[in-house]
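Following this message is one structure expressed as structure tokens.
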Number of protein chains: 2
Amino acid sequence: MARIVMKFGGTSMAGIERIRNVAARVKREVEAGHQVAVVVSAMAGETDRLVGFCREASSLYDPQEYDVVVSAGEQITSGLLAITLQAMGVPARSWLGWQLPIHTDTAFAKARIGEIDTSALDESLAAGVVAVIPGFQGVAEGNRVTTLGRGGSDTSAVAVAAAMKAERCDIYTDVDGVYTTDPRIVPRARKLSKVTYEEMLELASVGAKVLQTRSVGLAMKEQVRVRVLSSFDDARDEDGHRGTLIVGEEEIDDMERQLITGIAHDKNEAKITLTAVPDRPGAVGSIFAPLADAGINVDMIVQNIAHSTGSTDVTFTVPSADLARSLDVLEKASGEIGYGNLVHDTRVAKISVVGVGMRSHAGVASTMFQTLGARGINILAITTSEIKVSVLIEEDYTELAVRVLHTAYGLDAEAA
Amino acid sequence: MARIVMKFGGTSMAGIERIRNVAARVKREVEAGHQVAVVVSAMAGETDRLVGFCREASSLYDPQEYDVVVSAGEQITSGLLAITLQAMGVPARSWLGWQLPIHTDTAFAKARIGEIDTSALDESLAAGVVAVIPGFQGVAEGNRVTTLGRGGSDTSAVAVAAAMKAERCDIYTDVDGVYTTDPRIVPRARKLSKVTYEEMLELASVGAKVLQTRSVGLAMKEQVRVRVLSSFDDARDEDGHRGTLIVGEEEIDDMERQLITGIAHDKNEAKITLTAVPDRPGAVGSIFAPLADAGINVDMIVQNIAHSTGSTDVTFTVPSADLARSLDVLEKASGEIGYGNLVHDTRVAKISVVGVGMRSHAGVASTMFQTLGARGINILAITTSEIKVSVLIEEDYTELAVRVLHTAYGLDAEAA
């Protein structure tokens, strides 16, 4: 007997027919002898509907009341799943955020989970009752309803799994796992049977949108074993596993370990170049200080070799959504920085090669540069971390770059 | 400065545009210096949608989980009204059933309100913050969500008004008050400016569907002054009042008092006749005992004069919805009762004349019988109470009967 958490997203909860499918999956785990807590999202489209009402009521809505409104979506699906489970002969009850309770801070509309009281839950699980818990919601000091921000149900599931010391947190979604890269770009991308928290964080933050980044960070911190799998498809790997398991590095043995785990791409960055910045101490600081003050995340930074004129070009990237604001900030600071021209380009993409194996292998970056160079793909900027190498390239080359790198690192699946 | 409760139904809350209209009404009361609590229904259609989900999930749904699902509708509108009020510069916050809390018993899906804790509410109202309270919901022992049954928001409003010792409970609806009779039948029906609790109970229970019956009973018990008025129309009476005030008899002075307050009709009864019932002690009891055991409410009863054969015909009415069940019960008991035939008729209507004034006036009933007789309308059964005389007639004569009685008791408005 094990304790497990199962989490189902909005697509899986969209209508009673699909909720029956969810209940059948839950029933199977109960019949296998497990104690099960289920975390559910609102029906697909419902949260958008409720957010739309709030925005229509006031563009400057009070986040405390917004949370009262939007948390209703998950309240509805948790009651409905409990009813459906009971109808299948599985004892079940819903536990709303304030009932458990799931304590959060008071950052309404983007709250963070603190302590989860599991005393009542433990008792109920021990009595063989499935706990149905609405994702995305909690309760803050003063007994006010809170929500965790969009995609927060993944985080709820991981937090509940940590609190109840679950053996596993299964995240059911509309894809069947985490792939070496986007299968729409590389049809021979392979599903990974295991991936480390660190790799998943890097893959998620650069565009592989399977799990909410925050939930992966929490799983890493709390050492929760997370599995991503499809709620619509029961296909298994050759080795009999379903989905992708996200675990600590120590759980992946050497045989399984790949040099490179995956290739990610991200088209949501914009490149900014300041030309003829004076080549003197403090000049670069005067560029990034006002951007930081404005809360803009600068990602890749390249400072070109000084011109003979005693000035440099500085290039960096910001999220595309922050481009207009960034340009505004830099124009206002032009006197202080003293640059020549302000140039920007949104037609760029970031390509990242991710893998914990690269820690012990030199040559990963150089393979990347050579592979791209051989195809005539120009590298505009580079950043590296312990388990990731990212390059900025022209957007038009995105798919080509992902494909050739996927092959170069030996990630292509055998042809079927 | 007074404390008032304002209650808005589903039609008034259907969409943000209408919620703005509601907020504008609330704002006016706040600007008049009042402390205001607002009780809201779910958006029109929303409760039906949620109930539909529960029924689709299971015809034998758990009422505890049903309450979790259906209470979400009012939760949504209370958050939205709070946001809308704030956007108009009116401080406001929502108080969910479990937050106040509104204690109820554990009769899930049809709970009854017990104590309402107003300490937090009092403090908030005193600070000038409008309290927005979802109707229809409460919290029971064990911290479970409850609902009060359909139409329960009227009851919530009256209960909140009683608990906070409000000067008045204004029920905003889609009609502008209580009329002497159905204006669709009698265009010259008059709006009543005042009516007593007792009269309202009789009018409501016989088909004038303005207020939920239970809420009127509670208002009478708690001596809450209730006003029914339109949320769409600001028309005032000649004397400057809006809507209809429902109050204790002592608040209606002699000048205002009418002999008859209104004429109600109800087509939802069915007539059952047992012929040739033995005229011996206990025979009638053997008819009604099994019906009572089956939870069927028998209304009007007529026992005809004994035939020379030593047997009688017994006629009575039951709610149409219970007819099939009633016939079944009586057929099973036929041996014991020993009747001749079992005859039923659903094409009947109950017409009632209501008024506290009739206590001190003889002749109300005889005016009724003469008026109907003069039009050739046959009376099938009669019941009377202190403030009501009801007759059963053939359904085809319903409108004619209401019109001639309305005129006979002097209720017609002056022609415009």
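The values are calculated or read from the model by the stated rules, or taken from the named source; none is laboratory data. Keep in mind that what you see is a predicted model, and the values were worked out from it rather than measured. When we count neighbours, we look across all protein chains shown, and the Cβ atoms used for this are built from the backbone with ideal geometry, even at glycine. Note: accessible area is taken over every heavy atom of the protein model, side chains too, but ligands, DNA and RNA are not part of it. Shrake-Rupley method; radii C 1.70, N 1.55, O 1.52, S 1.80 Å.
I'd like the full set of residues that are touching a helix residue (DSSP H, G or I) at 6+ places or on another chain (Cβ under 9 Å) and β-branched (Val, Ile, Thr), limited to the stretch B:372-387.
Our first condition is that a residue be touching a helix residue (DSSP H, G or I) at 6+ places or on another chain (Cβ under 9 Å); within the stretch B:372-387, this holds for B:372, B:374-379, B:382, B:384-387.
Result: B:Ile377, B:Ile379, B:Ile382, B:Thr384, B:Ile387.
So which residues in the stretch B:49-73 are crowded, with 18+ Cβ neighbours inside 10 Å and polar (S, T, N, Q), if there are any at all?
The answer is B:Ser58, B:Gln64, B:Ser71.
Any idea how many residues of the stretch B:97-109 are under 25 Å from B:His34 (Cβ atoms) and facing chain A (nearest Cβ under 7 Å)? Step through it out loud before you land on a result.
Of all residues in the stretch B:97-109, those under 25 Å from B:His34 (Cβ atoms) come to B:97, B:99-102.
With the extra rule that they be facing chain A (nearest Cβ under 7 Å), the set shrinks to B:99.
Total meeting the criteria: 1.
Still on this model: Among the residues of the stretch B:86-95, which ones are buried (at least 23 other Cβ atoms within 10 Å of the Cβ) and at the interface with chain A (Cβ under 7 Å from one of its Cβ atoms)?
B:Ser94
On to the next question. Collect the residues in the stretch B:44-61 that are at the interface with chain A (Cβ under 7 Å from one of its Cβ atoms) and touching a residue at least 12 places away in the same chain (Cβ under 8 Å), keeping them in residue-number order.
If the condition is that a residue be at the interface with chain A (Cβ under 7 Å from one of its Cβ atoms) and touching a residue at least 12 places away in the same chain (Cβ under 8 Å), then B:Leu50, B:Phe53, B:Cys54 are the ones that fit.
Additional query: Open to solvent by less than 10 Å² (accessible area, probe 1.4 Å) and farther than 21 Å from B:Lys165 by Cα: is that true of B:Ala270 in this structure? Before you say what the answer is, go through the steps one by one.
Values: open to solvent by less than 10 Å² (accessible area, probe 1.4 Å): yes; farther than 21 Å from B:Lys165 by Cα: yes.
Taking the combined requirement at face value, the residue satisfies it.
Only one residue in B:Ile76, B:Ile83 is in contact with a Pro (Cβ under 9 Å, 6 or more places away or on another chain), open to solvent by less than 10 Å² (accessible area, probe 1.4 Å) and within 8 Å of another protein chain (Cβ to nearest Cβ), so which one is that? Give the steps one after another, and end with the answer.
Details: B:Ile83 fails: in contact with a Pro (Cβ under 9 Å, 6 or more places away or on another chain).
Sole residue among the options that is in contact with a Pro (Cβ under 9 Å, 6 or more places away or on another chain), open to solvent by less than 10 Å² (accessible area, probe 1.4 Å) and within 8 Å of another protein chain (Cβ to nearest Cβ): B:Ile76.
Moving to a separate point now. Looking at the structure I just gave you, is B:Thr11 more than 10 Å from chain A (Cβ to nearest Cβ), within 30 Å of A:Arg93 (Cβ to Cβ) and either in contact (Cβ under 8 Å) with a residue 60 or more places away in the chain or surrounded by fewer than 22 Cβ atoms within 10 Å (Cβ to Cβ) (or both)? Lay out the reasoning, then the answer.
Working: more than 10 Å from chain A (Cβ to nearest Cβ): yes; within 30 Å of A:Arg93 (Cβ to Cβ): no; either in contact (Cβ under 8 Å) with a residue 60 or more places away in the chain or surrounded by fewer than 22 Cβ atoms within 10 Å (Cβ to Cβ) (or both): yes.
So B:Thr11 fails the test.
Against the conditions (1) over 30 Å from the mean Cα position of the chain (by Cα); (2) touching a residue at least 12 places away in the same chain (Cβ under 8 Å); (3) open to solvent by 40 Å² or more (accessible area, probe 1.4 Å), where does B:Pro281 fall short? Just the number, please.
(2)
Is one or more of the residues making up the stretch B:144-151 out of contact with any Phe, Trp or Tyr (no Cβ under 8 Å at 6 or more places or on another chain) and within 14 Å of another protein chain (Cβ to nearest Cβ)?
No, that holds for no residue.
Got a number for residues in the stretch B:116-135 being assigned to a loop (DSSP other than H, G, I, E, B), open to solvent by 10 Å² or more (accessible area, probe 1.4 Å) and under 21 Å from B:Thr84 (Cα atoms)? Quick ask: steps written out before the conclusion?
Restricting attention to the stretch B:116-135, the residues satisfying the condition of being assigned to a loop (DSSP other than H, G, I, E, B) are B:117-118, B:127-129, B:135.
Keeping just the survivors that are open to solvent by 10 Å² or more (accessible area, probe 1.4 Å) gives B:117-118, B:127-129.
Then drop every residue that is not under 21 Å from B:Thr84 (Cα atoms), which leaves B:127-129.
Adding up the residues that qualify gives 3.
Just checking, how many residues over the stretch A:163-176 are open to solvent by 50 Å² or more (accessible area, probe 1.4 Å) and basic (Lys, Arg)? Steps first, please.
First, pick out the residues of the stretch A:163-176 that are open to solvent by 50 Å² or more (accessible area, probe 1.4 Å): A:165, A:167, A:174-175.
So of that shortlist, the ones also basic (Lys, Arg) come out as A:165.
Number of matching residues: 1.
Related question: If B:Thr196 satisfies every condition in (1) out of contact with any strand residue (DSSP E or B) (no Cβ under 7 Å at 6 or more places or on another chain); (2) open to solvent by less than 60 Å² (accessible area, probe 1.4 Å) but one, which is the exception?
Looking at each condition in turn, B:Thr196 falls short on (1).
Could you check the stretch A:209-232 and list, in sequence order, the residues that are in a loop (DSSP other than H, G, I, E, B) and under 12 Å from the mean Cα position of the chain (by Cα)? Break it down into steps so the answer makes sense when it comes.
Going residue by residue through the stretch A:209-232, those that are in a loop (DSSP other than H, G, I, E, B) are A:209-212, A:223-225, A:231-232.
If the condition is that a residue be in a loop (DSSP other than H, G, I, E, B) and under 12 Å from the mean Cα position of the chain (by Cα), then A:Lys209, A:Val210, A:Leu211, A:Gln212 are the ones that fit.
When you scan the stretch B:327-416 for helices (runs of 4 or more DSSP H) that lie fully inside it, which ones turn up with 1 or more residues that are open to solvent by less than 30 Å² (accessible area, probe 1.4 Å) and over 26 Å from B:Val277 (Cβ atoms)?
Details: elements: B:334-337, B:364-374, B:398-408.
The qualifying helices (runs of 4 or more DSSP H) are B:364-374, B:398-408.
Ok, one more. Can you tell me which residue is farthest from B:Met1 (Cα to Cα) among those in the stretch B:110-137 that are within 24 Å of the chain's Cα centre (by Cα) and within 13 Å of chain A (Cβ to nearest Cβ)?
Step one: of the stretch B:110-137, the residues within 24 Å of the chain's Cα centre (by Cα) are B:110-116, B:132-137.
Going one step further and asking which of them are within 13 Å of chain A (Cβ to nearest Cβ), we end up with B:132-134, B:137.
Numbers: B:Val132: 19, B:Ile133: 21, B:Pro134: 24, B:Gln137: 29 Å.
The extreme case among them is B:Gln137.
Would you be able to tell me the number of residues in the stretch B:202-233 that are over 28 Å from B:Ala14 (Cβ atoms), open to solvent by less than 40 Å² (accessible area, probe 1.4 Å) and hydrophobic (A, V, I, L, M, F, W, C)?
Count: 1.
May I ask you to verify whether A:Ile387 is on the phi < 0 side of the Ramachandran plot and at pLDDT 95 or above? If you could, list the steps in order and put the result at the bottom.
Values: on the phi < 0 side of the Ramachandran plot: yes; at pLDDT 95 or above: no.
So A:Ile387 fails the test.
Here's a follow-up. Of the conditions (1) more than 30 Å from A:Val51 (Cβ to Cβ); (2) in contact (Cβ under 8 Å) with a residue 40 or more places away in the chain; (3) in contact with a Lys or Arg (Cβ under 7 Å, 6 or more places away or on another chain), A:Ala189 fails just one. Which one is it?
(3)
So, B:Asp313, is that one surrounded by 12 or more Cβ atoms within 10 Å (Cβ to Cβ), in a helix (DSSP H, G or I), of a type in the set (Asp, Glu) and without any contact (Cβ under 8 Å) to a residue 60 or more places away in the chain or not? Write out each step before concluding.
Details: surrounded by 12 or more Cβ atoms within 10 Å (Cβ to Cβ): yes; in a helix (DSSP H, G or I): no; of a type in the set (Asp, Glu): yes; without any contact (Cβ under 8 Å) to a residue 60 or more places away in the chain: yes.
Here the answer is no, as B:Asp313 does not meet what is asked.
I've got another one for you. So, in the stretch B:138-152, of the ones that are open to solvent by 10 Å² or more (accessible area, probe 1.4 Å) and under 20 Å from B:Ile171 (Cα atoms), which residue ends up farthest from the chain's Cα centre (by Cα)?
By that ranking, first place goes to B:Gly149.
Whether any residue in the stretch A:177-186 is of a type in the set (Gly, Ala, Ser) and crowded, with 22+ Cβ neighbours inside 10 Å is what I want to check.
From the stretch A:177-186, those of a type in the set (Gly, Ala, Ser) are A:177; that's our starting set.
Pick out the ones that are also crowded, with 22+ Cβ neighbours inside 10 Å and you get A:177.
The answer is yes, given that some residue of the stretch A:177-186 is of a type in the set (Gly, Ala, Ser) and crowded, with 22+ Cβ neighbours inside 10 Å.
Sticking with this structure for a sec: Scan the stretch A:296-309 and tell me whether some residue there is charged (D, E, K, R), loosely packed, with under 15 Cβ neighbours inside 10 Å and not in a strand (DSSP E or B).
Looking only at the stretch A:296-309, we keep the residues that are charged (D, E, K, R), and these are A:299.
Retained after the next criterion (residues that are loosely packed, with under 15 Cβ neighbours inside 10 Å): none.
No: zero hits.
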